[in-house]
Amino acid sequence: MSKIYQIYGQDAHDMTLRLLEAAEAINLVPAGGSVALKPNLVIAGTPESGSTTHGGVLSGCIEYFRAHGVQDISVIEGSWVGDETMRAMRRAGYDKVCEKYGVPFYDLKKDKTRPVKSAIGNIDVCCRALDAGLLVDLPVLKGHCQTVMTCALKNLKGCLPDKEKRRFHALGLQKPIAALGAALKPRLIVVDSICGDLDFEEGGTPVQTNRMYLGTDAVQLDAYGRTLMGLTAEEVPYIELAEQYGGGSTKMGPDDLVELNKPSDAATYPRPSGTVASLTRNVHENQACSACFASLVRALYATRCGQGEEIYIGQGWKGKSLDGLGIGACCRGASNCVMGCPPTAEAVAKALESLRWG
Ligand code: SF4
């Protein structure tokens, strides 16, 4: 079983350096090999909003690997369908980090891809993720409106082209996320759990948990994160699936957690509030992309309309006649549809408001 190194605090740069030093992470870089840092830049949101990895995690990694002689370091990421990676990287402040250290940032939406064998068949993966000497997975531990939680395994979805991301949603997310994790099997993961939003991957209601942890097994780290969030295996099944596919082990022994310091305040981890589940309890979701679903959630949250309405969303409704409000181009067969792929939250909110006022 792998060890998990954990540290408490709020200074992402310093915490990252200390974690990498404690774990002697340099030993994971092949001689003369490159390091590719893969943060979570799902949307154009600030780390303080609870959606994206803190820039200090990147600068901590860069300083550590540079100090140990690694020359070829880059930052790689492709934000979700419907957002621009470069806009997201500026919003998160990565442009300043990359400029300061002279490290290139590569938008994976523009990268070449290669098929990789997995438990669900071939998956097209961006070459920069595949060709790195060491791929360093830098997720945020936070909630997700479809998979309840997202961390190390799901963060790897950013290594896919948009077309493949959409296919993952059509396949129901759980199996593809597990299969991708087992196929890529990142050997170093540093989790940013300083202030992730516990309900929603887009952030907006960050919860200060002031902790980071590092490990070498994405399955083990996700199982640990799930425990921290107070969630069950039934609520986040892709972790056990990844274990079955050979992606790692969910097991953790009493000596496997190495704490580098102690929290200065209460150590209990807040639970997700269940806001998203409550807002979407009447929504007929069928293979919806995250960006599409997030637009709907944001609109439901902002307007508090739509309860009691028949709302349809997802690729599974393509070509079907639907009696109710359709969200996105896939649901153009609905009696009333908000077009777009994905539609904006503003457009969805307008449609919800018009339902209310007739
Ligand atoms: S309309 Fe929505 S669910 Fe359909 S492909 Fe576009 S983003 Fe995905």
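The values are calculated or read from the model by the stated rules, or taken from the named source; none is laboratory data. Computed from a predicted structure; not experimentally measured. Here Cβ is always computed from backbone atoms with ideal geometry, including for glycine, and neighbour counts include all displayed protein chains.
Summary of computed values
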| read-out | value |
| --- | --- |
| Subset tally (residues that are more than 15 Å from the chain's Cα centre (by Cα) and in a loop (DSSP other than H, G, I, E, B)) for region 83-101 | 2 |
| Scope region 294-319; condition small (Gly, Ala, Ser) and in a helix (DSSP H, G or I); matching residues | Ala294, Ser295, Ala299, Ala302, Gly316 |
| Every residue from region 337-346 that is over 10 Å from Cys292 (Cα atoms) and buried (at least 16 other Cβ atoms within 10 Å of the Cβ) | Cys337, Val338 |
| Region 294-314, residues that are buried (at least 19 other Cβ atoms within 10 Å of the Cβ) and either within 12 Å of the ligand (Cβ to nearest atom) or within 25 Å of the chain's Cα centre (by Cα) (or both) | Ala294, Ser295, Leu296, Val297, Arg298, Ala299, Leu300, Tyr312, Ile313, Gly314 |
| Region 244-293 - residue that is in a helix (DSSP H, G or I) and under 20 Å from Phe168 (Cβ atoms) and, of those, farthest from the ligand (Cβ to nearest atom) | Gln244 |
| Residues (under 18 Å from Tyr269 (Cα atoms) and among the hydroxyl-bearing types (Ser, Thr, Tyr)) located in region 179-219 | Ser193, Thr205, Thr209, Tyr213 |
| Only one of Leu108, Leu41, Leu58, Leu130 that is in the same structural domain as Ala12 (by TED's automatic domain parsing) and more than 17 Å from the chain's Cα centre (by Cα) | Leu130 |
| Residue within region 66-86 that is in contact with a Lys or Arg (Cβ under 7 Å, 6 or more places away or on another chain), surrounded by 20 or more Cβ atoms within 10 Å (Cβ to Cβ), in contact (Cβ under 8 Å) with a residue 60 or more places away in the chain and farther than 26 Å from Pro343 by Cα present | yes |
| Pairs with Cβ under 7 Å, 6+ apart, first in region 339-353 and in a helix (DSSP H, G or I), second near the ligand (Cβ under 9 Å from one of its atoms) | Ala345/Ser295; Ala347/Gly340; Val348/Ser295; Val348/Ile327 |
| Pair list, Cβ < 7 Å and 6+ apart or interchain, from region 185-198 residues that are closer than 11 Å to Leu28 by Cα and touching a residue at least 24 places away in the same chain (Cβ under 8 Å) to residues that are among the polar types (S, T, N, Q) and surrounded by fewer than 23 Cβ atoms within 10 Å (Cβ to Cβ) | Arg187/Thr216; Leu188/Thr216 |
| Complete set of residues in region 320-335 that are part of a helix (DSSP H, G or I) and surrounded by fewer than 19 Cβ atoms within 10 Å (Cβ to Cβ) | Ala329 |
| Pairs with Cβ under 6 Å, 6+ apart, first in region 290-308 and farther than 15 Å from Gly203 by Cα and not assigned by TED's automatic domain parsing to the domain that holds Cys145, second among the small types (Gly, Ala, Ser) and at pLDDT 80 or above | Cys292/Gly328; Thr303/Ala349 |
